[in-house]
1. Of all the helices (runs of 4 or more DSSP H) wholly in the range 343-459, which have at least 2 residues that are more than 19 Å from the chain's Cα centre (by Cα) and surrounded by fewer than 20 Cβ atoms within 10 Å (Cβ to Cβ)?
2. Quick one: how many residues across the range 239-295 are of a type in the set (Val, Ile, Thr), touching a Ser or Thr at 6+ places or on another chain (Cβ under 9 Å) and not in a loop (DSSP other than H, G, I, E, B)?
3. Given the conditions (1) buried (at least 20 other Cβ atoms within 10 Å of the Cβ); (2) closer than 28 Å to Glu463 by Cβ; (3) assigned by TED's automatic domain parsing to the domain that holds Val425, and given that Val260 satisfies all but one, which numbered condition is not satisfied?
4. Looking only at the range 257-278, decide whether some residue is among the polar types (S, T, N, Q) and over 28 Å from Leu375 (Cβ atoms).
5. For residues that are of a type in the set (D, E, K, R) and at pLDDT 95 or above, scanning just the range 514-568, find the one that is farthest from Ser259 (Cα to Cα).
6. Quick one: how many residues across the range 440-475 are modelled with pLDDT of 95 or more, within 23 Å of Thr363 (Cβ to Cβ) and among the hydroxyl-bearing types (Ser, Thr, Tyr)?
7. I'm trying to understand the selection: among the residues of the range 110-134, which are more than 21 Å from Thr67 (Cβ to Cβ), not in a strand (DSSP E or B) and not acidic (Asp, Glu)?
Amino acid sequence: MTARGQPDSPLPNAAFYPDAGATEAPQLCGVLRIAPVRMRTRPELEHPRLDGRDARLFPGLALAFVTMGDILVPVERGRMVAQRRPGKTPSYWRVIPQFGRVWRTAADGGWSRAAFPLMLVNDLENHAHQGLAMFRYRGGRVSPLELQFVQQTSPYRLGQHFIAWAAAPTRWSEGGIADPASQREQARAELARRLPHAPWDELTRSLPPGTLAGFGGPVHEKWRVQAGLIREGTLFHQETPTPCGDYPYPLEMRFGVRSVMKSIGAPLALLRLAEVHGPYVLGLKVGDYVEGLNPKYRRVRFLDAANMASGFGGTGSLRTHPNDPRDGYLEGDYDAWYTARSHDAKMRRMARSLRPYPWEPGTVVRYRDQDFYLLGVALDRFLKSVRGRRADLWDMLASEVLEPIGIAQAPAVRTQEAAGRRGVVWLNAGYYPTLDDLGKIALLYQNLGAAGPRQILHRGLTEALLSAREALAQSGDVSLGPGPSAVSESGGGALYKMGFHFTPYVGATSGRRHALPTMWGAGESEVILYPGSLVSIRIAKAACLPAGESAFSGAGPQTIRAVDRLSPL
């Protein structure tokens, strides 16, 4: 057990979860120190080194654990844990551990198993690999940590889909955890606040055959990671296939959801601040809170930036009739801006490549990550101006919005600043949520910002957002004069407001026209809010596809149609 070498291939995922014959294992309380190790990948990575960091290297780190019955509780759960002492070539990855299990099986000859979900994540993009880790323990001795990363959300900088595995040397230290009883109590409270949940077949068995056929589409199944539906407050989740079998901890998976963050960070912040400080916050100007910007930003309201209508960007064409909202999106040396580590470095990149458009803010939708990044900076600076310099935007959201709805951990990417200064959170991308997290956020919106008797978000503004009131037509140009902005006037075209896309759909039996509030992220991850507190969630990885591969089936809005059959829209 303790001298096991590097494996030639990953294990079946079932090895990381107790089987029917499992028995009780001894309790654990201590720290597992994990040595860095070179992972094998399939296929081989074409460009494994980025920014001097190696994506084949699992980082050396320490993780603390306690047990709560058969549940393995990582003290660092839900956090982006960095390597302890980077070597000459540091790892590309941080890790996020999640709740696991401990058990005994007769085949292990008196040893016990401790297994837990483990995500590889990056601190300069929103890439996530969903994995599993396991060590065996007996009398203070531990085996190497068996690791495998068998699923992933959309790749970007590495540009490949791959699996990886290794066995890392380990060392166990008993104790070293302050107040283990408190750790167990916190874990118990977190688990108790999860949404009621059930496997997919429990839902489909109760429905006429074919009701939910095509759910998760039109993205091909091979490019989907996970899908679920919230109905009557219960999260029904599909199986999660991987090359090594179904992933055994589907509710523990954290995903790189990319631009889904645009429908979470900025809207929640604006609506929370409007509830606490007043709706005037939406009309504050970005340029009054972020120094070093073009003077035009003193006319750009927080709301304009959240509507992707800053009138700024300067790349792409000037054609706006019809308008292409993604015209010039990735131009202007986008990658250099995206990967710039610090706020100042990002600002320098923007100053080199982005220029004002001739139209006024609030008139034309041009999809720009820079708008949401700057909005995050401006919101953070506003918060500091009213609450003091120690205030932090993401901390405010975590404590005043996410924690009250049952989200205890909210890992997200921040800028990296000198001298250990805390960076600003990326509102353009960078959040690593679970299915449960996404479901709770969607339900908060659908409840018009209320959680039980507590009003967390501004109710009137939340209702206006979900009804697409004063949303901008993505193909329109309000600067040309009065034009379509509301769903009733737009002829069913796509709308955008405050980080949400509004998907046009006409009910199959009702004939009613809808603009369905939609969170969307690169790779075709999507969260859609429906009448009746229904929520569909699809996590996908349809980016960097091999030549000749298509992400879509061409069958149209299959997920929406399935929901329409379930509960006519």
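The values are calculated or read from the model by the stated rules, or taken from the named source; none is laboratory data. Keep in mind it's a predicted model, so treat the numbers as computed, not measured. Because the Cβ atoms are built from the backbone with ideal geometry, glycine has one as well, and the counts that use them run over all protein chains shown.
1. Values: elements: 343-353, 369-387, 393-397, 435-446.
Ranges flagged: 343-353, 369-387.
2. Applying the first criterion (of a type in the set (Val, Ile, Thr)) to the range 239-295 yields 240, 242, 257, 260, 264, 276, 281, 286, 290.
This time we only want the ones that are touching a Ser or Thr at 6+ places or on another chain (Cβ under 9 Å), so: 257, 260, 286.
Subset that is not in a loop (DSSP other than H, G, I, E, B): 260, 286.
Of the residues in the range 239-295, 2 are of a type in the set (Val, Ile, Thr), touching a Ser or Thr at 6+ places or on another chain (Cβ under 9 Å) and not in a loop (DSSP other than H, G, I, E, B).
3. With respect to (1) buried (at least 20 other Cβ atoms within 10 Å of the Cβ); (2) closer than 28 Å to Glu463 by Cβ; (3) assigned by TED's automatic domain parsing to the domain that holds Val425, Val260 is out only on (3).
4. Our first condition is that a residue be among the polar types (S, T, N, Q); within the range 257-278, this holds for 259, 263.
Those still in the list that are over 28 Å from Leu375 (Cβ atoms) too: none.
Looking through the range 257-278, none of the residues is among the polar types (S, T, N, Q) and over 28 Å from Leu375 (Cβ atoms).
5. Going through the qualifying residues, I end up with Arg565.
6. Total meeting the criteria: 1.
7. Of everything in the range 110-134, those that are more than 21 Å from Thr67 (Cβ to Cβ), not in a strand (DSSP E or B) and not acidic (Asp, Glu) turn out to be Asn122, Leu124, Asn126, His127.
Residue-wise test of (1) farther than 30 Å from Leu318 by Cβ; (2) outside the structural domain of Ala340 (by TED's automatic domain parsing); (3) in contact with a Gly (Cβ under 9 Å, 6 or more places away or on another chain).
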position: Pro411; (1), (2), (3): yes, no, yes
position: Leu435; (1), (2), (3): yes, yes, yes
position: Leu438; (1), (2), (3): yes, yes, yes
position: Glu463; (1), (2), (3): yes, yes, yes
position: Leu472; (1), (2), (3): no, yes, yes
position: Ser475; (1), (2), (3): no, yes, yes
position: Val478; (1), (2), (3): no, yes, yes
